[in-house]
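Asks: Pasting a structure below so you can have a look.
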Amino acid sequence: MRHFIAGIAAAGLFACSSPPPEVSYPNGPMSTTPQTSRAAQGPFQPDYHLYACTPSFSNRPNTDSNGRILNYNALVTVNGVILAAAPVNDACMTSGFGPRFGSMHKGIDLQSKPAGPIYSAAPGRVLEVSEQTGFGYQVLIAHGNGVYTRYGHLAYFAEGLKPGQTIGFGQPIGLMGRTGNATAIHLHFEILTGNYNTPRKSWGLKANNPLDFPGWSGLDNVTRSLGIDHVLNFLDPNTLARTYRDPVAWVILAVDLFPIWAVLTMGWGAVPLVFLYWLENLIIGAVALAKMIATSMKDHPIGAIGMAFIGPFFIFHYGMFCFVHGVFVSVFAQMSVENGDPSGFPSPSNLVNQALLSGENMPTFILAIIALQIFLFFQDFIMRGEYRETTIEKEMSAPYGRIIVLHIGIFAGAFAMAALGNPMLGILGLILLRALWGVFLTVRRRIQLDKTLQTAN
């Protein structure tokens, strides 16, 4: 029991390591502009899924085998504003965002049969209700924080709709039509960001792909702060199935479950297990540093100058963080030995040596983790261009989010298993909790790869 208590304490220091559901727009003042936040909500609530109308069309996003668009979120957040990504019901997509017929298609086209009503995607203030050559009858709404939405090709405007009025989420603004340069009845929908108050007005705004923004849910603030903002995707079996069609995902899972083999065949206990996770966090820190360097090179020389300051700070801060926790793990490892008494203050090299010698074949496990991390770094981050979509600061903070989540999960799980009074269950519980976190990371990797592929197309 003494051995297990020591292992549990070390785990606590692990910190260095059917019908679709309904979607409801949040009640209350969600807009940044007081007058628009008081506007009444309309009858519209967005559809949970969005489908492609046909198997092939311009800029068609990735879909599953049923034509359901992947990475679609019914509600998205744009500069803190919550928007409906498709402000119509019972519609499908006929054209996606991106280059089309020699020009840039700056929105998505949505069609329903018969033509359906169009609703405001968020609370805001109506800026334009007009007829333009390309868009035909079109409406432009400002939502605060430099966020705007445009609705084009309307058949007619909702009664009483006029510039300057405030409007709530889900209020009708018109009917789907084919005015302007349109070959069929549909809605052309744009999410725009920038400053409207320039001579170019809406033409000076930046167009964005609605599928690129993060989804909103009531847990978003919590999950995003912990680095697990895609947690709700695990409820979708299609996302899991798509993730594990990739052989790399199975390799990641195998590496995460290797310690079970060590426990059952090599006699590993809690101490080598936690030392393994401690060494893994050192590897993750080194990979984070490599990602920071790669990211800085895209903004040369400004990025290199920033890296000259941020890099040494990260090495010192993360290194000291891991060293202190490594000392605690070392102390508890010595206490777990019969009549063991902690002595001396280990150096960093002694800590690493102690960790590598704590369990049979530990170096083999570490080499497997290093090889996997190097492969993922070059394949995902470099070759697939993830470094272009990130920042030095984001990559610097990434290991800490992982540490916090794993700390809480392993600490709670270890004590829950200890309550059962079975050391083996406690050790296997640590491994399974770590593997579950690995599944979270693997699904998030799949989502990021889908986004990168969609952007490339």
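The values are calculated or read from the model by the stated rules, or taken from the named source; none is laboratory data. Since this is a predicted model, take the numbers as computed values, not measurements. Don't worry about glycine lacking a Cβ; one is built from the backbone with ideal geometry, like all the others, and counts go over all protein chains shown.
Asks: Can you work out which of the residues in the range 366-380 that are surrounded by 14 or more Cβ atoms within 10 Å (Cβ to Cβ) and not β-branched (Val, Ile, Thr) is farthest from Ala262 (Cα to Cα)?
Replies: Asp380
Asks: Related question: Which residue is nearest to Thr54 (Cα to Cα), if the candidates are limited to the range 92-121 and must be in a loop (DSSP other than H, G, I, E, B) and among the basic types (Lys, Arg)?
Replies: If we filter the range 92-121 for residues that are in a loop (DSSP other than H, G, I, E, B), which is where we start, we get 96-97, 101-102, 106-107, 112-116, 120-121.
Okay, now just the ones that are also among the basic types (Lys, Arg), so 106, 113.
Numbers: Lys106: 20, Lys113: 14 Å.
Filtering the range 92-121 for residues that are in a loop (DSSP other than H, G, I, E, B) and among the basic types (Lys, Arg), the one nearest to Thr54 (Cα to Cα) comes out as Lys113.
Asks: Kindly indicate whether any position in the range 48-60 is part of a loop (DSSP other than H, G, I, E, B), modelled with pLDDT of 90 or more, outside the structural domain of Pro399 (by TED's automatic domain parsing) and crowded, with 19+ Cβ neighbours inside 10 Å.
Replies: Checked the range 48-60: at least one residue is part of a loop (DSSP other than H, G, I, E, B), modelled with pLDDT of 90 or more, outside the structural domain of Pro399 (by TED's automatic domain parsing) and crowded, with 19+ Cβ neighbours inside 10 Å.
Asks: In the set Ile185, Ile260, which member is modelled with pLDDT of 85 or more and under 30 Å from Pro399 (Cβ atoms)?
Replies: Ile260
Asks: For the range 122-138, which residues satisfy the criterion of being in a strand (DSSP E or B) and touching a His at 6+ places or on another chain (Cβ under 6 Å)? Steps first, answer last, please.
Replies: Taking the range 122-138 and keeping what is in a strand (DSSP E or B), we get 124-132, 136-138.
Listed by number, the residues that qualify are Gly124, Gly136.
Asks: Quick one: count up the residues across the range 61-87 that are assigned to a loop (DSSP other than H, G, I, E, B) and within 21 Å of Gly170 (Cα to Cα).
Replies: Restricting attention to the range 61-87, the residues satisfying the condition of being assigned to a loop (DSSP other than H, G, I, E, B) are 61-62, 64-67, 70-74, 79-80, 85-87.
With the extra rule that they be within 21 Å of Gly170 (Cα to Cα), the set shrinks to 72-74, 79-80, 85-87.
Count: 8.
Asks: Can I ask one more? If you go through the range 263-276 one residue at a time, how many are in a helix (DSSP H, G or I) and either surrounded by fewer than 23 Cβ atoms within 10 Å (Cβ to Cβ) or not assigned by TED's automatic domain parsing to the domain that holds Ser358 (or both)?
Replies: Of the range 263-276, the ones in a helix (DSSP H, G or I) are 263-266, 270-276.
Restricting the remaining residues to those that are either surrounded by fewer than 23 Cβ atoms within 10 Å (Cβ to Cβ) or not assigned by TED's automatic domain parsing to the domain that holds Ser358 (or both) gives 263-266.
Of the residues in that region, 4 qualify.
Asks: Return a yes/no flag: does the range 360-373 have any residue that is β-branched (Val, Ile, Thr), more than 22 Å from Leu433 (Cβ to Cβ) and modelled with pLDDT under 80.
Replies: Filtering the range 360-373 down to residues β-branched (Val, Ile, Thr) leaves 364, 366, 369-370.
When the remaining residues are screened for being more than 22 Å from Leu433 (Cβ to Cβ), the result is 364, 370.
In the following step, the residues that additionally are modelled with pLDDT under 80 were identified as none.
Looking for residues that are β-branched (Val, Ile, Thr), more than 22 Å from Leu433 (Cβ to Cβ) and modelled with pLDDT under 80, one finds none in the range 360-373, hence no.
Asks: Looking at Gly96, Gly160 in this structure, which one is over 17 Å from Phe44 (Cα atoms) and touching a His at 6+ places or on another chain (Cβ under 8 Å)?
Replies: Numbers: Gly160 fails: touching a His at 6+ places or on another chain (Cβ under 8 Å).
Among Gly96, Gly160, only Gly96 is over 17 Å from Phe44 (Cα atoms) and touching a His at 6+ places or on another chain (Cβ under 8 Å).
Asks: For the structure I just gave you, tell me whether Ile191 is more than 29 Å from the chain's Cα centre (by Cα), aliphatic (A, V, I, L, M) and either surrounded by 18 or more Cβ atoms within 10 Å (Cβ to Cβ) or under 17 Å from Gln138 (Cβ atoms) (or both).
Replies: Details: more than 29 Å from the chain's Cα centre (by Cα): no; aliphatic (A, V, I, L, M): yes; either surrounded by 18 or more Cβ atoms within 10 Å (Cβ to Cβ) or under 17 Å from Gln138 (Cβ atoms) (or both): yes.
Judged against the criteria, Ile191 is not a match.
Asks: Moving on to the next point. Tally the residues that are assigned to a helix (DSSP H, G or I) and buried (at least 19 other Cβ atoms within 10 Å of the Cβ), restricting the search to the range 350-365.
Replies: First pass over the range 350-365, keeping only residues assigned to a helix (DSSP H, G or I): 350-356, 362-365.
From what's left, buried (at least 19 other Cβ atoms within 10 Å of the Cβ): 351, 355, 362, 365.
Number of matching residues: 4.
Asks: Among the basic types (Lys, Arg), closer than 17 Å to Ala85 by Cβ and assigned by TED's automatic domain parsing to the domain that holds Ala86: is that true of Lys162 in this structure? Walk me through how you get there before you give the answer.
Replies: Values: among the basic types (Lys, Arg): yes; closer than 17 Å to Ala85 by Cβ: no; assigned by TED's automatic domain parsing to the domain that holds Ala86: yes.
No, not satisfied.
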